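**Q** Right, I'll just put the structure down here and ask away after.
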Amino acid sequence: MSFVTHLEAAIDGTILPHEALQSVHAGRPLWVRYDLDAVGAALNKQELAGREPTMWRYRELLPVSDETKIASLGEGMSPLLRCARLGSALGLSDLWVKDESQLPTGSFKSRGLSVAISRANELGVQRVAIPTAGNAGGAMAAYAARVGMEAFVFMPADTPIVNQYEAAYYGAHAFLVDGLITDCGAIVREGTPHMDWFDLSTLKEPYRIEGKKTMGLELAEQFSWSLPDVITYPTGGGTGLIGMWKAFAELAALGWLIDDRRPRMVSCQAAGCAPISTAWQKGERFADPFPAPATSASGLRVPAAVGDFMIIDAINESGGQARACPEDSLLYWARRGSELEGIAFAPEAGACLGVLEMLVSEKVVDPEERVVVFNTGAAQKYIEVIGGSALPRLSPPVDWTALST
Ligand SMILES: *Cc1c(COP(=O)(O)O)cnc(C)c1O
(Lines give C-alpha, C1' and ligand atoms only; values in the text may rest on other atoms or scores of the structure.)
Protein backbone atom coordinates (compact mmCIF):
# COMPACT_ATOMS: atom_id res chain seq x y z
CA MET A 1 0.00 0.00 0.00
CA SER A 2 1.08 3.60 -0.49
CA PHE A 3 0.55 6.73 1.60
CA VAL A 4 0.07 9.02 -1.41
CA THR A 5 -3.08 11.15 -1.08
CA HIS A 6 -2.97 13.21 -4.29
CA LEU A 7 -0.89 15.09 -6.83
CA GLU A 8 -0.62 18.87 -6.72
CA ALA A 9 0.30 21.23 -9.56
CA ALA A 10 3.42 23.16 -8.55
CA ILE A 11 2.38 26.25 -10.49
CA ASP A 12 -1.10 26.82 -9.02
CA GLY A 13 -1.91 24.13 -6.45
CA THR A 14 -4.54 22.34 -8.57
CA ILE A 15 -5.23 18.90 -7.13
CA LEU A 16 -5.13 15.86 -9.40
CA PRO A 17 -5.84 12.21 -8.65
CA HIS A 18 -2.81 9.95 -8.32
CA GLU A 19 -4.64 6.77 -9.30
CA ALA A 20 -4.40 7.66 -13.01
CA LEU A 21 -1.35 8.33 -15.17
CA GLN A 22 -0.52 12.02 -14.98
CA SER A 23 2.03 14.16 -16.75
CA VAL A 24 2.01 17.95 -16.20
CA HIS A 25 -0.56 20.66 -15.39
CA ALA A 26 -0.46 23.89 -17.44
CA GLY A 27 2.80 22.56 -18.85
CA ARG A 28 4.39 22.54 -15.39
CA PRO A 29 5.35 19.74 -12.95
CA LEU A 30 3.31 18.02 -10.25
CA TRP A 31 4.16 17.36 -6.60
CA VAL A 32 3.33 14.01 -5.01
CA ARG A 33 1.65 14.50 -1.62
CA TYR A 34 1.49 11.95 1.19
CA ASP A 35 -0.47 11.49 4.38
CA LEU A 36 2.59 12.17 6.54
CA ASP A 37 0.70 11.63 9.81
CA ALA A 38 -0.09 8.12 8.64
CA VAL A 39 3.52 7.59 7.53
CA GLY A 40 4.69 8.73 10.98
CA ALA A 41 2.26 6.33 12.65
CA ALA A 42 3.35 3.40 10.45
CA LEU A 43 7.10 3.90 10.69
CA ASN A 44 9.58 5.31 13.14
CA LYS A 45 13.04 6.23 11.98
CA GLN A 46 14.80 3.66 14.20
CA GLU A 47 13.17 0.85 12.22
CA LEU A 48 15.00 1.94 9.10
CA ALA A 49 18.32 0.66 10.43
CA GLY A 50 17.23 -2.96 9.91
CA ARG A 51 16.08 -2.50 6.34
CA GLU A 52 17.70 -3.32 2.98
CA PRO A 53 20.49 -0.94 1.93
CA THR A 54 18.62 0.53 -1.05
CA MET A 55 16.46 3.62 -1.44
CA TRP A 56 13.38 1.39 -1.17
CA ARG A 57 14.05 1.31 2.59
CA TYR A 58 11.96 4.54 2.54
CA ARG A 59 9.03 2.85 0.79
CA GLU A 60 6.44 4.60 3.02
CA LEU A 61 7.67 7.87 1.48
CA LEU A 62 7.57 6.49 -2.07
CA PRO A 63 4.54 6.21 -4.37
CA VAL A 64 4.38 2.51 -5.27
CA SER A 65 1.57 0.41 -3.75
CA ASP A 66 2.25 -3.03 -5.20
CA GLU A 67 5.77 -4.16 -4.31
CA THR A 68 5.74 -6.78 -7.08
CA LYS A 69 5.71 -3.91 -9.61
CA ILE A 70 8.93 -2.34 -8.33
CA ALA A 71 11.78 -2.06 -10.85
CA SER A 72 14.92 -2.17 -8.73
CA LEU A 73 18.58 -2.86 -9.42
CA GLY A 74 19.66 -2.28 -5.82
CA GLU A 75 19.95 1.53 -6.20
CA GLY A 76 20.51 3.86 -3.30
CA MET A 77 22.34 4.08 0.02
CA SER A 78 25.33 5.39 -1.87
CA PRO A 79 28.43 6.08 0.24
CA LEU A 80 28.79 9.42 2.00
CA LEU A 81 32.55 9.91 2.02
CA ARG A 82 34.50 12.35 4.14
CA CYS A 83 37.09 14.05 1.91
CA ALA A 84 39.88 15.61 3.96
CA ARG A 85 42.40 15.89 1.13
CA LEU A 86 40.02 17.48 -1.36
CA GLY A 87 38.61 19.60 1.46
CA SER A 88 42.00 21.02 2.26
CA ALA A 89 42.59 21.81 -1.44
CA LEU A 90 39.37 23.84 -1.32
CA GLY A 91 40.00 25.36 2.13
CA LEU A 92 37.25 23.33 3.82
CA SER A 93 37.65 21.22 6.97
CA ASP A 94 34.37 19.28 6.84
CA LEU A 95 33.80 18.31 3.20
CA TRP A 96 31.79 15.23 2.23
CA VAL A 97 30.97 13.63 -1.09
CA LYS A 98 27.78 11.67 -1.66
CA ASP A 99 29.09 9.30 -4.30
CA GLU A 100 26.33 8.52 -6.74
CA SER A 101 28.82 7.21 -9.30
CA GLN A 102 28.41 3.79 -7.66
CA LEU A 103 24.71 3.41 -8.47
CA PRO A 104 23.35 1.09 -11.20
CA THR A 105 24.16 2.48 -14.68
CA GLY A 106 26.80 4.74 -13.11
CA SER A 107 24.71 7.78 -12.24
CA PHE A 108 22.02 9.02 -9.88
CA LYS A 109 19.52 8.90 -12.74
CA SER A 110 18.81 5.36 -11.57
CA ARG A 111 16.95 6.72 -8.53
CA GLY A 112 14.41 8.74 -10.49
CA LEU A 113 13.92 6.16 -13.18
CA SER A 114 13.56 3.28 -10.74
CA VAL A 115 10.56 5.04 -9.18
CA ALA A 116 9.13 6.39 -12.45
CA ILE A 117 9.31 3.00 -14.20
CA SER A 118 7.94 1.23 -11.11
CA ARG A 119 4.92 3.53 -10.91
CA ALA A 120 4.34 3.42 -14.69
CA ASN A 121 4.54 -0.37 -14.47
CA GLU A 122 1.96 -0.35 -11.70
CA LEU A 123 -0.34 1.81 -13.85
CA GLY A 124 -0.06 -0.58 -16.81
CA VAL A 125 2.33 1.32 -19.09
CA GLN A 126 4.04 -0.92 -21.63
CA ARG A 127 6.04 1.54 -23.71
CA VAL A 128 8.11 4.51 -22.52
CA ALA A 129 10.10 7.25 -24.23
CA ILE A 130 12.65 9.79 -23.05
CA PRO A 131 14.73 12.68 -24.36
CA THR A 132 18.14 12.60 -22.70
CA ALA A 133 21.39 14.51 -22.37
CA GLY A 134 22.99 11.14 -21.64
CA ASN A 135 22.59 9.28 -18.36
CA ALA A 136 18.80 9.33 -18.12
CA GLY A 137 18.49 7.34 -21.35
CA GLY A 138 20.79 4.60 -20.11
CA ALA A 139 18.99 4.44 -16.78
CA MET A 140 15.53 4.35 -18.34
CA ALA A 141 16.62 1.61 -20.75
CA ALA A 142 17.96 -0.48 -17.85
CA TYR A 143 14.86 -0.17 -15.63
CA ALA A 144 12.52 -0.73 -18.58
CA ALA A 145 14.46 -3.90 -19.36
CA ARG A 146 14.13 -4.98 -15.74
CA VAL A 147 10.32 -5.12 -16.03
CA GLY A 148 10.04 -6.01 -19.72
CA MET A 149 8.87 -2.60 -20.99
CA GLU A 150 9.62 -1.30 -24.46
CA ALA A 151 11.89 1.77 -24.37
CA PHE A 152 12.61 4.58 -26.85
CA VAL A 153 15.57 6.91 -26.21
CA PHE A 154 16.31 10.14 -28.10
CA MET A 155 19.62 11.92 -27.56
CA PRO A 156 21.60 14.70 -29.24
CA ALA A 157 24.06 13.31 -31.80
CA ASP A 158 27.01 14.56 -29.72
CA THR A 159 25.97 12.75 -26.52
CA PRO A 160 28.91 10.93 -24.84
CA ILE A 161 29.58 7.67 -26.63
CA VAL A 162 29.06 5.45 -23.56
CA ASN A 163 25.54 6.86 -23.16
CA GLN A 164 24.83 6.07 -26.81
CA TYR A 165 26.00 2.49 -26.45
CA GLU A 166 24.47 1.71 -23.07
CA ALA A 167 20.90 2.60 -24.11
CA ALA A 168 21.14 0.22 -27.07
CA TYR A 169 22.92 -2.40 -24.93
CA TYR A 170 19.98 -2.53 -22.51
CA GLY A 171 17.73 -3.19 -25.48
CA ALA A 172 16.15 0.23 -26.02
CA HIS A 173 15.35 1.66 -29.44
CA ALA A 174 17.95 4.43 -29.28
CA PHE A 175 18.29 7.34 -31.71
CA LEU A 176 20.75 10.17 -32.30
CA VAL A 177 19.01 13.45 -33.05
CA ASP A 178 20.52 16.38 -34.91
CA GLY A 179 19.70 19.01 -32.32
CA LEU A 180 19.58 19.67 -28.58
CA ILE A 181 17.79 17.86 -25.76
CA THR A 182 14.88 20.27 -26.27
CA ASP A 183 14.56 18.98 -29.87
CA CYS A 184 14.60 15.42 -28.52
CA GLY A 185 11.83 16.42 -26.11
CA ALA A 186 9.76 17.79 -28.99
CA ILE A 187 10.12 14.45 -30.82
CA VAL A 188 8.84 12.57 -27.79
CA ARG A 189 5.86 14.95 -27.46
CA GLU A 190 4.99 14.78 -31.17
CA GLY A 191 5.35 11.01 -31.17
CA THR A 192 2.93 10.36 -28.33
CA PRO A 193 -0.29 10.12 -30.42
CA HIS A 194 1.48 7.96 -33.02
CA MET A 195 3.40 5.69 -30.69
CA ASP A 196 1.20 5.60 -27.59
CA TRP A 197 4.21 5.80 -25.31
CA PHE A 198 4.45 7.35 -21.87
CA ASP A 199 6.76 10.38 -21.70
CA LEU A 200 9.36 10.04 -18.94
CA SER A 201 11.07 13.40 -19.61
CA THR A 202 12.49 15.15 -16.55
CA LEU A 203 9.56 16.58 -14.53
CA LYS A 204 7.01 15.69 -17.22
CA GLU A 205 5.71 12.99 -14.90
CA PRO A 206 5.52 13.27 -11.09
CA TYR A 207 7.59 10.35 -9.88
CA ARG A 208 11.21 10.97 -10.88
CA ILE A 209 11.34 13.70 -8.21
CA GLU A 210 10.29 11.11 -5.63
CA GLY A 211 13.19 8.86 -6.60
CA LYS A 212 15.69 11.70 -6.41
CA LYS A 213 14.19 12.78 -3.10
CA THR A 214 15.77 9.71 -1.55
CA MET A 215 19.19 11.42 -1.80
CA GLY A 216 17.94 13.85 0.84
CA LEU A 217 16.46 11.07 2.98
CA GLU A 218 19.75 9.15 2.86
CA LEU A 219 21.80 12.23 3.68
CA ALA A 220 19.67 12.81 6.77
CA GLU A 221 19.89 9.20 7.90
CA GLN A 222 23.65 8.96 7.18
CA PHE A 223 24.28 12.17 9.18
CA SER A 224 22.13 10.84 12.07
CA TRP A 225 19.20 13.15 11.25
CA SER A 226 21.13 16.41 11.35
CA LEU A 227 21.53 18.10 7.97
CA PRO A 228 24.73 19.72 6.66
CA ASP A 229 25.24 23.48 6.28
CA VAL A 230 25.64 23.55 2.52
CA ILE A 231 24.75 21.23 -0.37
CA THR A 232 26.22 21.79 -3.82
CA TYR A 233 24.26 20.13 -6.56
CA PRO A 234 25.02 20.09 -10.30
CA THR A 235 21.80 21.30 -11.87
CA GLY A 236 20.41 20.37 -15.26
CA GLY A 237 16.64 19.82 -15.03
CA GLY A 238 16.94 20.27 -11.27
CA THR A 239 15.07 17.15 -10.19
CA GLY A 240 17.56 16.28 -7.48
CA LEU A 241 17.69 19.74 -5.92
CA ILE A 242 13.90 20.03 -5.95
CA GLY A 243 13.56 16.48 -4.63
CA MET A 244 16.00 16.93 -1.75
CA TRP A 245 14.36 20.16 -0.64
CA LYS A 246 11.02 18.31 -0.63
CA ALA A 247 12.59 15.46 1.35
CA PHE A 248 13.80 17.86 4.05
CA ALA A 249 10.30 19.34 4.37
CA GLU A 250 8.78 15.85 4.71
CA LEU A 251 11.37 14.84 7.31
CA ALA A 252 10.68 18.02 9.27
CA ALA A 253 6.93 17.33 9.13
CA LEU A 254 7.58 13.81 10.40
CA GLY A 255 9.60 15.27 13.28
CA TRP A 256 12.61 13.12 12.38
CA LEU A 257 15.22 15.89 12.20
CA ILE A 258 16.98 16.61 15.48
CA ASP A 259 17.18 20.33 14.81
CA ASP A 260 15.57 22.88 12.53
CA ARG A 261 18.65 23.54 10.44
CA ARG A 262 18.27 23.08 6.69
CA PRO A 263 21.16 23.30 4.25
CA ARG A 264 21.77 26.21 1.91
CA MET A 265 21.14 24.71 -1.50
CA VAL A 266 23.73 25.76 -4.07
CA SER A 267 22.77 25.08 -7.65
CA CYS A 268 25.90 24.63 -9.77
CA GLN A 269 25.87 24.92 -13.54
CA ALA A 270 28.48 25.10 -16.30
CA ALA A 271 29.19 28.54 -17.73
CA GLY A 272 28.38 27.08 -21.17
CA CYS A 273 24.80 26.32 -20.10
CA ALA A 274 23.65 28.33 -17.12
CA PRO A 275 19.97 29.29 -17.46
CA ILE A 276 19.17 28.89 -13.76
CA SER A 277 22.14 30.82 -12.42
CA THR A 278 21.47 33.57 -14.99
CA ALA A 279 17.83 33.89 -13.91
CA TRP A 280 18.67 33.67 -10.19
CA GLN A 281 21.29 36.38 -10.48
CA LYS A 282 18.70 38.65 -12.10
CA GLY A 283 16.25 37.92 -9.28
CA GLU A 284 13.85 36.11 -11.60
CA ARG A 285 11.73 33.04 -10.89
CA PHE A 286 11.53 31.76 -14.47
CA ALA A 287 14.55 31.20 -16.69
CA ASP A 288 15.00 32.18 -20.33
CA PRO A 289 16.26 29.40 -22.61
CA PHE A 290 20.06 29.49 -22.64
CA PRO A 291 21.39 30.22 -26.13
CA ALA A 292 23.91 27.88 -27.81
CA PRO A 293 24.41 25.58 -24.79
CA ALA A 294 27.80 23.84 -24.78
CA THR A 295 29.66 21.97 -22.01
CA SER A 296 31.39 18.64 -21.58
CA ALA A 297 29.32 18.22 -18.40
CA SER A 298 26.59 16.78 -20.61
CA GLY A 299 24.11 16.29 -17.75
CA LEU A 300 24.08 20.07 -17.34
CA ARG A 301 23.36 20.77 -20.99
CA VAL A 302 19.70 21.56 -20.36
CA PRO A 303 18.96 25.00 -21.86
CA ALA A 304 15.35 25.17 -20.60
CA ALA A 305 14.02 23.48 -17.45
CA VAL A 306 10.24 23.14 -16.91
CA GLY A 307 10.86 23.15 -13.16
CA ASP A 308 12.90 26.38 -13.21
CA PHE A 309 10.66 28.12 -10.64
CA MET A 310 10.76 25.08 -8.34
CA ILE A 311 14.58 25.10 -8.41
CA ILE A 312 14.76 28.85 -7.78
CA ASP A 313 12.14 28.70 -4.99
CA ALA A 314 14.15 25.97 -3.21
CA ILE A 315 17.39 27.95 -3.55
CA ASN A 316 15.78 31.10 -2.18
CA GLU A 317 13.90 29.40 0.67
CA SER A 318 17.18 27.81 1.72
CA GLY A 319 19.27 30.98 1.54
CA GLY A 320 21.37 29.40 -1.18
CA GLN A 321 22.73 30.50 -4.52
CA ALA A 322 22.85 29.53 -8.19
CA ARG A 323 26.25 29.84 -9.80
CA ALA A 324 28.05 28.92 -13.00
CA CYS A 325 31.48 27.32 -13.18
CA PRO A 326 33.81 28.03 -16.13
CA GLU A 327 34.48 24.98 -18.31
CA ASP A 328 38.23 24.84 -17.61
CA SER A 329 37.59 25.01 -13.87
CA LEU A 330 35.05 22.15 -13.85
CA LEU A 331 37.38 19.95 -15.89
CA TYR A 332 40.30 20.83 -13.60
CA TRP A 333 38.36 20.09 -10.40
CA ALA A 334 36.83 16.83 -11.63
CA ARG A 335 40.32 15.50 -12.35
CA ARG A 336 41.86 17.03 -9.20
CA GLY A 337 39.12 15.54 -7.02
CA SER A 338 39.66 12.14 -8.63
CA GLU A 339 43.43 12.33 -8.02
CA LEU A 340 43.05 13.45 -4.42
CA GLU A 341 40.33 11.05 -3.31
CA GLY A 342 40.11 8.12 -5.73
CA ILE A 343 36.48 9.03 -6.40
CA ALA A 344 35.46 8.93 -10.08
CA PHE A 345 34.26 12.52 -10.35
CA ALA A 346 32.05 13.30 -13.36
CA PRO A 347 32.51 16.73 -14.98
CA GLU A 348 29.12 17.75 -13.55
CA ALA A 349 30.49 17.31 -10.03
CA GLY A 350 33.58 19.24 -11.13
CA ALA A 351 31.22 22.20 -11.54
CA CYS A 352 30.25 21.86 -7.86
CA LEU A 353 33.89 21.85 -6.80
CA GLY A 354 34.70 24.87 -8.98
CA VAL A 355 31.72 26.78 -7.55
CA LEU A 356 32.80 25.84 -4.02
CA GLU A 357 36.24 27.27 -4.68
CA MET A 358 34.55 30.56 -5.62
CA LEU A 359 32.20 30.52 -2.62
CA VAL A 360 35.04 29.86 -0.17
CA SER A 361 37.11 32.72 -1.61
CA GLU A 362 34.06 35.02 -1.47
CA LYS A 363 33.49 33.89 2.16
CA VAL A 364 29.96 32.79 1.30
CA VAL A 365 30.96 29.39 2.68
CA ASP A 366 33.00 29.31 5.91
CA PRO A 367 35.98 26.95 6.18
CA GLU A 368 34.46 24.97 9.09
CA GLU A 369 31.02 24.51 7.61
CA ARG A 370 29.81 21.03 6.78
CA VAL A 371 29.56 20.90 2.99
CA VAL A 372 28.24 18.06 0.83
CA VAL A 373 29.07 17.72 -2.87
CA PHE A 374 26.99 15.40 -5.01
CA ASN A 375 29.08 13.34 -7.42
CA THR A 376 26.14 12.53 -9.62
CA GLY A 377 27.86 10.29 -12.15
CA ALA A 378 30.87 8.10 -12.82
CA ALA A 379 33.87 9.56 -14.65
CA GLN A 380 34.12 6.29 -16.59
CA LYS A 381 31.04 7.25 -18.59
CA TYR A 382 32.88 10.28 -20.01
CA ILE A 383 35.54 8.65 -22.16
CA GLU A 384 35.81 11.84 -24.21
CA VAL A 385 36.68 13.80 -21.07
CA ILE A 386 38.88 11.41 -19.07
CA GLY A 387 40.77 10.01 -22.03
CA GLY A 388 43.82 12.21 -22.52
CA SER A 389 47.00 11.28 -24.30
CA ALA A 390 47.94 7.61 -24.64
CA LEU A 391 49.81 6.03 -21.73
CA PRO A 392 53.57 5.57 -22.04
CA ARG A 393 54.45 2.04 -23.29
CA LEU A 394 56.78 -0.35 -21.52
CA SER A 395 58.46 -3.21 -23.30
CA PRO A 396 59.97 -5.67 -20.81
CA PRO A 397 62.66 -5.85 -19.59
CA VAL A 398 62.03 -2.61 -17.69
CA ASP A 399 64.78 -0.01 -17.49
CA TRP A 400 64.43 0.74 -13.76
CA THR A 401 66.96 3.52 -13.84
CA ALA A 402 64.86 5.48 -16.36
CA LEU A 403 61.62 4.75 -14.44
CA SER A 404 62.93 5.87 -11.06
CA THR A 405 64.10 9.30 -12.21
C1 LIG B 1 21.22 14.49 -15.24
C2 LIG B 1 22.49 14.78 -14.57
C3 LIG B 1 22.65 15.94 -13.78
C4 LIG B 1 21.55 16.95 -13.61
O5 LIG B 1 20.53 16.42 -12.82
P6 LIG B 1 19.13 17.13 -12.57
O7 LIG B 1 18.60 16.54 -11.33
O8 LIG B 1 18.28 16.87 -13.75
O9 LIG B 1 19.42 18.59 -12.42
C10 LIG B 1 23.84 16.10 -13.11
N11 LIG B 1 24.85 15.21 -13.22
C12 LIG B 1 24.75 14.10 -13.97
C13 LIG B 1 25.91 13.16 -14.05
C14 LIG B 1 23.56 13.84 -14.66
O15 LIG B 1 23.46 12.73 -15.41
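The values are calculated or read from the model by the stated rules, or taken from the named source; none is laboratory data. Computed from a predicted model, the values in this text were never measured in an experiment. Backbone-built Cβ (ideal geometry, glycine too); neighbour counts: all protein chains shown. Side chains included, ligands, DNA and RNA excluded: accessible areas come from the protein's heavy atoms. Shrake-Rupley method; radii C 1.70, N 1.55, O 1.52, S 1.80 Å.
**Q** Can you tell me which residues in the range 134-151 are over 13 Å from Gly112 (Cβ atoms) and either in a loop (DSSP other than H, G, I, E, B) or within 16 Å of the ligand (Cβ to nearest atom) (or both)?
**A** Going through the range 134-151, the residues over 13 Å from Gly112 (Cβ atoms) turn out to be 134, 141, 144-151.
Matches in the range 134-151: Gly134, Ala141, Val147, Gly148, Met149.
**Q** Considering only the range 86-106, how many residues are away from the ligand (no atom under 12 Å from the Cβ) and either hydroxyl-bearing (Ser, Thr, Tyr) or over 26 Å from Glu166 (Cβ atoms) (or both)?
**A** The qualifying residues number 11.
**Q** With touching a strand residue (DSSP E or B) at 6+ places or on another chain (Cβ under 8 Å) and basic (Lys, Arg) as the only criterion, which of Arg264, Arg285 stands out? Write out each step before concluding.
**A** Working: Arg285 fails: touching a strand residue (DSSP E or B) at 6+ places or on another chain (Cβ under 8 Å).
The conditions single out Arg264.
**Q** Right, next: Count, please, the residues in the range 311-329 that happen to be assigned to a helix (DSSP H, G or I) and either away from the ligand (no atom under 11 Å from the Cβ) or open to solvent by 20 Å² or more (accessible area, probe 1.4 Å) (or both). Working first, answer last.
**A** Here is the first cut: in the range 311-329, the residues assigned to a helix (DSSP H, G or I) are 311-318, 327-329.
Keeping just the survivors that are either away from the ligand (no atom under 11 Å from the Cβ) or open to solvent by 20 Å² or more (accessible area, probe 1.4 Å) (or both) gives 312-318, 327-329.
Residues in the range 311-329 being assigned to a helix (DSSP H, G or I) and either away from the ligand (no atom under 11 Å from the Cβ) or open to solvent by 20 Å² or more (accessible area, probe 1.4 Å) (or both): 10 in total.
**Q** Here is a further query. Out of the range 359-389, which residues are buried (at least 24 other Cβ atoms within 10 Å of the Cβ) and among the basic types (Lys, Arg)?
**A** Lys381, the sole residue that qualifies.
**Q** So, in the range 107-133, exactly how many residues are within 9 Å of the ligand (Cβ to nearest atom), out of contact with any Phe, Trp or Tyr (no Cβ under 9 Å at 6 or more places or on another chain) and open to solvent by less than 10 Å² (accessible area, probe 1.4 Å)?
**A** Here the count works out to 1.
**Q** Next up: Quick check, is Val266 under 27 Å from Ser329 (Cα atoms) and open to solvent by 10 Å² or more (accessible area, probe 1.4 Å)?
**A** No: the conditions fail for Val266.
**Q** Counting only residues that are under 14 Å from the mean Cα position of the chain (by Cα) and away from the ligand (no atom under 11 Å from the Cβ), which one in the range 200-212 is surrounded by the most Cβ atoms within 10 Å (Cβ to Cβ)?
**A** Keep residues of the range 200-212 that are under 14 Å from the mean Cα position of the chain (by Cα), which gives 201-203, 207-212.
Okay, now just the ones that are also away from the ligand (no atom under 11 Å from the Cβ), so 207, 210.
Working: Tyr207: 27, Glu210: 29.
Restricting to residues being under 14 Å from the mean Cα position of the chain (by Cα) and away from the ligand (no atom under 11 Å from the Cβ), the top hit is Glu210.
**Q** Would you check which residues across the range 147-162 are touching a Ser or Thr at 6+ places or on another chain (Cβ under 9 Å) and open to solvent by 10 Å² or more (accessible area, probe 1.4 Å) and list them?
**A** Step one: filter the range 147-162 for residues touching a Ser or Thr at 6+ places or on another chain (Cβ under 9 Å), giving 147, 153-156, 158-160.
Matches in the range 147-162: Val147, Phe154, Asp158, Pro160.
**Q** Name the one entry in Ala186, Ala144 that is at negative phi, among the small types (Gly, Ala, Ser) and buried (at least 24 other Cβ atoms within 10 Å of the Cβ). Steps first, please.
**A** Working: Ala186 fails: buried (at least 24 other Cβ atoms within 10 Å of the Cβ).
Exactly one residue qualifies, and that residue is Ala144.
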